[in-house]
Amino acid sequence: MQGEQAIDKTAIRNAATVIVLRDRDTQPRILMGQRGAKAAFMPNKFVFPGGAVDPGDGHVEAGSAIGAPCDTRLEEDSEAGLTKALTIAAVRELWEETGQILGTPGMWSGPIPDDWQSFAATGHLPHAAPLQFIFRALTPPGRPRRFNARFFLVDANDLVTDPDDFSAASDELSHLQWVALSDARSFDMPFITEVVLAEVEARVSDRSPPASVPYFKNSDEENLFLRLRGVPMPDKD
């Protein structure tokens with residue numbers, strides 16, 4: 001997540017978070033890191049890699065797109081055309097914060113945005129097909145930053161990099177490590193991360209997309225728990 005100093009602190013920003021699952025058939029582990037003590041949002045907490053969608057993410061050349069039914073569930077109760085930007089942001093944030101590449105070999109044919117230069121230099125295009133949309137949450141009012149975050153699950157086998165090599169990671173997350181899923185709740189993490197862990201646990205032995213995607217919609221008017229199934233949201237009169 002870059003350029004925090006330039007953002008509108010009152011705006012709700014669309015965001016993407018990536019849960020990388022490793023050794024799901026033996027000893028399931030997830031990739032986590034710790035936010036800095038001076039971070040404006042969730043300081044010192046252990047979190048999954050992720051951050052806000054950048055303006056150019058929706059225009060980045062992609063090697064693949066997320067599949068059904070995840071694509072229609074991302075579209076539900078969202079701005080038109082946001083699905084690609086969310087999935088591409090997920091790939092970018094994973095690269096920036098962990099140095100891990102979710103990509104497919106390919107050369108970029110057009111202009112490369114500044115925040116994609118290092119990824120493109122690896123000879124890969126962002127690969128969104130392995131992402132599985134499993135959770136969505138809108139940060140409650142009153143927080144220093146508010147995000148409408150979509151959480152994506154991906155298997156570590158889909159990475160093209162060594163999962164133990166974090167040498168290309170930025171300094172946004174420290175103590176990057178593979179945490180045993182059975183031990184994860186012993187870490188100091190945000191409440192919503194604990195909630196998402198339950199969804200991850202349900203997907204360890206089931207590789208298919210969930211029957212529906214939970215959505216904690218903490219708006220200024222009301223707090224709702226919704227289920228996204230990829231159908232149009234009903235009008236509220």
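Brief remarks on what is shown
- Residues in the range 142-156 that are assigned to a strand (DSSP E or B), closer than 16 Å to ARG24 by Cβ and touching a Phe, Trp or Tyr at 6+ places or on another chain (Cβ under 9 Å): PHE152, LEU153.
- Filtered residue count, the range 205-218, keeping only those that are assigned to a loop (DSSP other than H, G, I, E, B) and either of a type outside the set (A, V, I, L, M, F, W, C) or touching a helix residue (DSSP H, G or I) at 6+ places or on another chain (Cβ under 8 Å) (or both): 7
Results for (1) under 24 Å from SER174 (Cβ atoms); (2) touching an Asp or Glu at 6+ places or on another chain (Cβ under 8 Å), shown as yes or no for each residue.
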{"site": "ASP71", "(1), (2)": "no, no"}
{"site": "ASP77", "(1), (2)": "no, no"}
{"site": "ALA80", "(1), (2)": "no, no"}
{"site": "ALA85", "(1), (2)": "no, yes"}
{"site": "VAL91", "(1), (2)": "yes, no"}
{"site": "TRP95", "(1), (2)": "yes, no"}
{"site": "THR98", "(1), (2)": "yes, no"}
{"site": "LEU102", "(1), (2)": "yes, yes"}
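- Here SER174, SER182, SER170 are screened, and the one residue that is among the hydroxyl-bearing types (Ser, Thr, Tyr), under 25 Å from ILE12 (Cβ atoms) and surrounded by 11 or more Cβ atoms within 10 Å (Cβ to Cβ) is SER170.
- Within the range 46-90, no residue satisfies the criterion of being in a helix (DSSP H, G or I), of a type in the set (Gly, Ala, Ser) and more than 17 Å from the chain's Cα centre (by Cα).
- Filter result (under 19 Å from the mean Cα position of the chain (by Cα), at pLDDT below 95 and of a type outside the set (D, E, K, R)) within the range 142-154: PHE147
- Within the range 170-204, the residues that satisfy the criterion of being under 16 Å from PRO28 (Cα atoms), among the β-branched types (Val, Ile, Thr) and either within 16 Å of the chain's Cα centre (by Cα) or in a strand (DSSP E or B) (or both) are VAL179, VAL196, VAL200.
- Residue list for the range 52-96, filter: out of contact with any Gly (no Cβ under 7 Å at 6 or more places or on another chain), farther than 18 Å from ILE134 by Cβ and acidic (Asp, Glu): ASP54, ASP57, GLU79, GLU96
- Evaluating ARG136 against the criteria (1) under 21 Å from ARG73 (Cβ atoms); (2) in contact with a Phe, Trp or Tyr (Cβ under 9 Å, 6 or more places away or on another chain); (3) modelled with pLDDT under 95 leaves one unmet condition, (3).
- Test: residue in the range 120-141 that is surrounded by 15 or more Cβ atoms within 10 Å (Cβ to Cβ), outside any loop (DSSP other than H, G, I, E, B), more than 19 Å from the chain's Cα centre (by Cα) and aliphatic (A, V, I, L, M): yes
- Taken over the range 97-121, the criterion of being of a type outside the set (Phe, Trp, Tyr) and in contact with a Gly (Cβ under 9 Å, 6 or more places away or on another chain) is satisfied by GLU97, THR98, GLY103, THR104, PRO105, GLY106, MET107, PRO113, ASP114, ASP115.
- Cβ-Cβ under 8 Å pairs, at least 6 apart or on other chains, the range 59-78 side acidic (Asp, Glu) and buried (at least 16 other Cβ atoms within 10 Å of the Cβ), far side in a helix (DSSP H, G or I) and modelled with pLDDT of 95 or more: ASP71/THR83; GLU75/LEU82; GLU75/THR83
- Residue list for the range 83-105, restricted to those being over 21 Å from ASP71 (Cα atoms) and in contact with a Leu (Cβ under 7 Å, 6 or more places away or on another chain): GLU97, THR98, GLN100, ILE101
- When ASN218 is tested against (1) at pLDDT below 90; (2) more than 15 Å from CYS70 (Cα to Cα); (3) surrounded by fewer than 18 Cβ atoms within 10 Å (Cβ to Cβ); (4) not basic (Lys, Arg), just one condition goes unmet, and that condition is (3).
The values are calculated or read from the model by the stated rules, or taken from the named source; none is laboratory data. For clarity, every value in this text was computed on a predicted model and none was experimentally measured. When we count neighbours, we look across all protein chains shown, and the Cβ atoms used for this are built from the backbone with ideal geometry, even at glycine.
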